[in-house]
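For reference, the structure discussed in these notes is given below.
The values are calculated or read from the model by the stated rules, or taken from the named source; none is laboratory data. Note that this is a predicted model, so its numbers are computed, not measured. Every residue, glycine as well, gets a Cβ built from its backbone with ideal geometry; the counts of neighbours run over all protein chains shown.
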């Protein structure tokens, strides 16, 4: 058994054979004795803000069943998405992004984009489409949040600049 140590909750135990069979990242971890985890069968996730009992349980359930359902919980889906990306589980990333895409709206598009900027995934594309609709009106509507979002994610600012320049170029082409 592998023991996942989590902040603010009891550890989660998971079958090492299943973990390594279903996840290349953990297979590599436990195959090399240079990793402390390979020697102790403990994975210390107490400093990982994404790894709480709900997200790690969801990840373990997915590894056993290929099923993920955040039941409309955006925070859980985003945490699981980040964990899945970190542990190279593309099918779980896709399932989490599918759920997040269903929750995507004008109110959370910038926030979600800030969390997936640079991923190249379908959630990033959906956020960008929503933001660029109607000549980027969403940016104007969310103006009071832009400073906070920019401080938290400089990469998002770069991406927003590119969006605005692209929108400006399209506007010029249609008026010429």
Discussion item. When you scan region 149-162, do you find a residue that is surrounded by fewer than 16 Cβ atoms within 10 Å (Cβ to Cβ), more than 29 Å from residue 47 (Cβ to Cβ), modelled with pLDDT under 85 and out of contact with any strand residue (DSSP E or B) (no Cβ under 6 Å at 6 or more places or on another chain), even just one?
Written reply: yes
Worksheet item: Going through region 60-76 one residue at a time, which ones are assigned to a helix (DSSP H, G or I) and free of Cβ contacts under 8 Å to residues at least 24 places away in the same chain?
Response: 61, 65, 75, 76
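Here are some residues: 46, 22, 54. Which one is closer than 27 Å to residue 71 by Cβ, touching a strand residue (DSSP E or B) at 6+ places or on another chain (Cβ under 6 Å) and either surrounded by fewer than 16 Cβ atoms within 10 Å (Cβ to Cβ) or touching a residue at least 12 places away in the same chain (Cβ under 8 Å) (or both)?
Matching residue, one of 46, 22, 54: 46.
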Response to the item:
Across region 77-131, the tally of residues that are at pLDDT 90 or above and not in a helix (DSSP H, G or I) stands at 4
